[in-house]
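The values are calculated or read from the model by the stated rules, or taken from the named source; none is laboratory data. Everything quoted here is computed from the prediction, not taken from an experiment. Ideal geometry is used to build each Cβ from the backbone, glycine not excepted, and the neighbour counts take in all protein chains shown.
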């Protein structure tokens, strides 16, 4: 069994200079740092632009005032602490406030700051709510990282969810395939648990989080192979991150590699405007061009991902760009009246978020938000 040592202090990283430690302590006093010896071993310390380094080692740019505490307004959709329902068919459970490492671009930094506030504490109440809402067919376990829980604790949640007749899919959102694949390889009980609850009409999906091909190590591939043997489906989602995967060549290489090892590219997310994220964000229109350029280099199987933006009003797919306009479509909408709505707006090359094209008029009820164009050149096509 591989022993993984976790590191929670930046001064515990001997590969950084004393000057680095002094400078970056300013960042870690505001935003938590966490990694482990396996993930840090993937860094080429001679390269200051190493992609793994940029994802896990703090950056002084995080102190730039930018972003929100809760950029997608998850509080609007919180039923009880740790249970959200934004879309009719999906419930989300925040079951952990711990990760194998803290991504510097994390959009839920608040759970590492308010460690007890947003995490699920009352599982029976959450299960009761899901039982009473038969429109819910699938549940996403997230956090934090659910795989930081013991297998017994995780099985207790999954077992009770599948005891609810209308729940047929449980998704586990995790970055441990990147951060610590030994979590899968060294815990046979976890693999047995996945086999136990997968059947012909009920599935567990692993939502992996590979952001760069350097994370797809031989050990990670072994873990993926073991997972696939249990019958789970694995889909990958990642944000586009400045300096990490913001090139068509890098992004296509990642998608191609994932497809070859049995992981379907699922979502490329626009980096959410969370506190401290400006130095990791790519403008929407540049990101769209990078995404389209990556798809040009790939076969159909490798380019199944969608480029989306997880806005407070729903999941918006960025589907087109012309000389004058950018086009969005609601892939999922919190307000069902917006479902499938197609929108065209005047281009804004400086836009990092949907609100840079529109302003949101807040109503007293989160499912009654309306999208209002900023200028007369914007149009909504019904």
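Answer yes or no as to whether residue 193 is assigned to a helix (DSSP H, G or I), over 20 Å from residue 5 (Cα atoms), touching a residue at least 24 places away in the same chain (Cβ under 8 Å) and not assigned by TED's automatic domain parsing to the domain that holds residue 53. So residue 193 passes the test.
Among the numbered criteria (1) more than 19 Å from residue 80 (Cα to Cα); (2) part of a helix (DSSP H, G or I); (3) touching a residue at least 60 places away in the same chain (Cβ under 8 Å), which one does residue 147 miss? Among (1) more than 19 Å from residue 80 (Cα to Cα); (2) part of a helix (DSSP H, G or I); (3) touching a residue at least 60 places away in the same chain (Cβ under 8 Å), the lone unmet condition for residue 147 is (3). Checked against the criterion of being modelled with pLDDT under 95 and either surrounded by fewer than 18 Cβ atoms within 10 Å (Cβ to Cβ) or closer than 16 Å to residue 305 by Cβ (or both), the candidates 201, 186, 246 yield just one match: 201.
Would you confirm, using the coordinates I've provided, whether residue 239 is touching a helix residue (DSSP H, G or I) at 6+ places or on another chain (Cβ under 7 Å), more than 18 Å from residue 348 (Cα to Cα) and either surrounded by 22 or more Cβ atoms within 10 Å (Cβ to Cβ) or modelled with pLDDT under 95 (or both)? Here the answer is no, as residue 239 does not meet what is asked.
The set of residues from region 304-323 being surrounded by fewer than 19 Cβ atoms within 10 Å (Cβ to Cβ) and without any contact (Cβ under 8 Å) to a residue 40 or more places away in the chain comprises 317, 319, 320, 321, 322, 323. If you check 62, 74 for being under 30 Å from residue 135 (Cβ atoms) and either assigned by TED's automatic domain parsing to the domain that holds residue 250 or crowded, with 16+ Cβ neighbours inside 10 Å (or both), only one passes: 74. Looking across region 84-138, the residues that are buried (at least 18 other Cβ atoms within 10 Å of the Cβ), in a helix (DSSP H, G or I) and at pLDDT 95 or above come down to 126, 127, 130.
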